[in-house]
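Shown next, in structure tokens, is the structure this report addresses.
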Amino acid sequence: MAATDRPRRIGSIVAAALSVTALPAAHAESAPEKGSIALKYLYYRDFQKNETQYPGEPRPDGAKFDRITVKAPSVLLAVPIGSDWSVEAGATVDDVSGATPRYYSSVSGATKAPGGMSDKRNAGDVKVTRHFSRGAVAVGMVTSSENDYDSNAVSLEGRYATEDNNTTFHLGVAATRDKIGSTDDPALDERRRTNEVMAGVTQVLGANDIVQVNLGYRHGAGYFSDPYKSADRRPDERNQGTLLARWNHHVVPLGSTLRSSYRFYKDSFGIAAHTVEAAWVQPFAEWWSVTPSLRYHSQGAAKFYCDPSSDPAVFPFCPGSPTFATTDQRMSAFGAVTLGIKLQLRWEDWTGDVKYERYTQKSDWKLGGSGSPGIDPLYADMVQVGVSKAF
């Protein structure tokens, strides 16, 4: 898995801070009355079926090829300090193992040392919030370190509610600094810096409805290439824009809540993407709830992505030796569907949950037409288990 593209909270802390995940009641801004501690464990596994014939490879037999496995325990702590302050902190350890393809979804070009690739990431974050009568200001820091990648970020965010508490405005800024290396090339020592801003508004429409709209912009400069992909050369600047709209609706007769969202993304690499998501929170019995969810994502290819060639003299490189080029399947055009279900138990000050998601990515699932050719479908299973206690 590329050092520059592993899933991280780095660079997304502003978006997380502005998220709406439930249907809150209108209330004045104040520090939480109770603290909480939570333990979580994430298990992730992805795989592909060997279906595509690449030059110089054995004919595909349809066998499953395991790619990446991630095991990530984490701990989260939130503590109020008096009536005006609160502190949140978290720590995560990711154990990553397996192999990723050096080009497209090729099996023989997988990046794996004897016994498979193995890496560990240690990450931590802290956020301090000052609460006011109708708003709050928060400062956050995040750090992440692994064998070939170090990242540090700081953020500043604020929110302000109108006198009736029905409208809340959000504004956040963040800066990230990354150091990128490679186990394949000890001499590689690159840097990347990213600055981002997000602004949004949350509006209570009534007792049962709340909506939110966020606009985000991110500018990055430095090293964006993937050192583990063959002949991967990307521009040293990337601009990214997002529009995110959410709507939560409470269904009174059923006691349930519909959470829905739409996200549009576009960047200077040429990728444009649409993501729609819906989740249905259904309580049952006295302490239980179940939440099925569905997410669909569709994206176009980067403008410097090139489709695989059947010519052995060219494969796996892009013809014509362009200035920028990539054979990374994550830069291709595809569609993806994620099905999920979450079971949650709340009992007094305790909360426990377990969530399972299955991700399926296929080129021909792209919205409005076929995606990039010559890419095997990608599948992933994600299981997350958590327990928390208020105190």
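Against the condition among the charged types (D, E, K, R) and either modelled with pLDDT under 95 or within 30 Å of Ser256 (Cβ to Cβ) (or both), how does Asp189 come out, does it pass?
Criteria not met by Asp189.
Out of Gln361, Gln299, I need the residue that is buried (at least 20 other Cβ atoms within 10 Å of the Cβ) and out of contact with any Leu (no Cβ under 8 Å at 6 or more places or on another chain). Which one?
Being buried (at least 20 other Cβ atoms within 10 Å of the Cβ) and out of contact with any Leu (no Cβ under 8 Å at 6 or more places or on another chain) holds for just one of Gln361, Gln299, which is Gln299.
With respect to Thr194, determine if the residue is under 27 Å from Ala138 (Cα atoms), in a strand (DSSP E or B) and in contact with a His (Cβ under 8 Å, 6 or more places away or on another chain).
Against the criterion (under 27 Å from Ala138 (Cα atoms), in a strand (DSSP E or B) and in contact with a His (Cβ under 8 Å, 6 or more places away or on another chain)), Thr194 qualifies.
Mind listing whichever residues of region 314-347 are among the small types (Gly, Ala, Ser), surrounded by fewer than 14 Cβ atoms within 10 Å (Cβ to Cβ) and within 15 Å of Ser230 (Cβ to Cβ)? Before the answer, list the steps.
Filtering region 314-347 for residues among the small types (Gly, Ala, Ser) gives 320-321, 325, 332-333, 335-336, 340.
From the residues that got through so far, the ones that are surrounded by fewer than 14 Cβ atoms within 10 Å (Cβ to Cβ) too are 320-321.
Result: Ser321, single match.
Mind checking which pairs have a first residue in region 42-56 that is among the aliphatic types (A, V, I, L, M) and a second that is surrounded by 15 or more Cβ atoms within 10 Å (Cβ to Cβ), Cβ under 6 Å, 6 or more apart or different chains?
Hits for this filter: Leu42/Ala72; Leu42/Gln384.
Hey, can you tell me all the residues within region 290-329 that are among the charged types (D, E, K, R) and either within 30 Å of Lys342 (Cβ to Cβ) or in contact with an Asp or Glu (Cβ under 8 Å, 6 or more places away or on another chain) (or both)?
Selection gives Arg295, Asp328.
Going residue by residue through region 204-211, is there one that turns out to be assigned to a loop (DSSP other than H, G, I, E, B), free of Cβ contacts under 8 Å to residues at least 12 places away in the same chain and under 29 Å from Ala245 (Cβ atoms)?
yes
Could you please find all residues in region 265-281 being in contact with a Pro (Cβ under 8 Å, 6 or more places away or on another chain) and under 28 Å from Val252 (Cα atoms)? Explain how you work it out, then say what you get.
Step one: list which residues in region 265-281 are in contact with a Pro (Cβ under 8 Å, 6 or more places away or on another chain), which gives 268-269, 279-280.
Once the filter is applied, which keeps residues that are in contact with a Pro (Cβ under 8 Å, 6 or more places away or on another chain) and under 28 Å from Val252 (Cα atoms), region 265-281 yields Ala279, Trp280.
Output the residue which, of all residues in region 313-328 that are in a loop (DSSP other than H, G, I, E, B) and hydroxyl-bearing (Ser, Thr, Tyr), is nearest to Pro235 (Cα to Cα).
Once the filter is applied, the top-ranked residue is Thr323.
Where in region 225-298 are the strands (runs of 3 or more DSSP E), entirely inside, with at least 3 residues that are of a type in the set (A, V, I, L, M, F, W, C) and without any contact (Cβ under 8 Å) to a residue 60 or more places away in the chain?
By residue number, 237-251, 272-284.
Mind counting the residues in region 135-191 that are in a strand (DSSP E or B) and in contact (Cβ under 8 Å) with a residue 24 or more places away in the chain? Before the answer, list the steps.
Within region 135-191, the subset in a strand (DSSP E or B) is 135-146, 149-161, 167-180, 190-191.
When the remaining residues are screened for being in contact (Cβ under 8 Å) with a residue 24 or more places away in the chain, the result is 135-136, 138, 140, 142, 144-146, 149-153, 155, 157, 159-161, 167-174, 176-180, 190-191.
Matching residues across region 135-191 total 33.
Take the conditions modelled with pLDDT of 90 or more and over 26 Å from Val139 (Cβ atoms) and apply them to Arg45. Does it pass?
Answer is yes for this residue.
Looking at Ala336, Ala313, can you tell me which residue is at negative phi, at pLDDT 95 or above and of a type in the set (A, V, I, L, M, F, W, C)?
Only one candidate passes the filter, namely Ala336.
If a residue has to be out of contact with any Phe, Trp or Tyr (no Cβ under 7 Å at 6 or more places or on another chain), of a type in the set (A, V, I, L, M) and surrounded by fewer than 19 Cβ atoms within 10 Å (Cβ to Cβ) to count, how many in region 180-203 make the cut?
Total satisfying the criteria: 3.
Consider Leu339 carefully, then state whether it is hydrophobic (A, V, I, L, M, F, W, C) and free of Cβ contacts under 8 Å to residues at least 24 places away in the same chain.
no
How about region 71-88: which of its residues are assigned to a strand (DSSP E or B), of a type in the set (Gly, Ala, Ser) and more than 19 Å from the chain's Cα centre (by Cα)?
Answer for region 71-88, where residues must be assigned to a strand (DSSP E or B), of a type in the set (Gly, Ala, Ser) and more than 19 Å from the chain's Cα centre (by Cα): Ala78, Ser86.
What pairs come up if the first residue lies in region 315-336 and is more than 30 Å from Val276 (Cα to Cα), the second is at pLDDT below 95 and of a type in the set (Gly, Ala, Ser), and their beta carbons are under 6 Å apart, counting only those six or more places apart or on different chains?
Note: pairs meeting the criteria are Phe315/Ser309; Pro316/Ser230; Phe317/Ala231.
The values are calculated or read from the model by the stated rules, or taken from the named source; none is laboratory data. On a predicted model such as this, the values are computed, not experimentally measured, just so you know. Glycine gets a Cβ as well: all are built from the backbone with ideal geometry, and neighbour counts include every protein chain shown.
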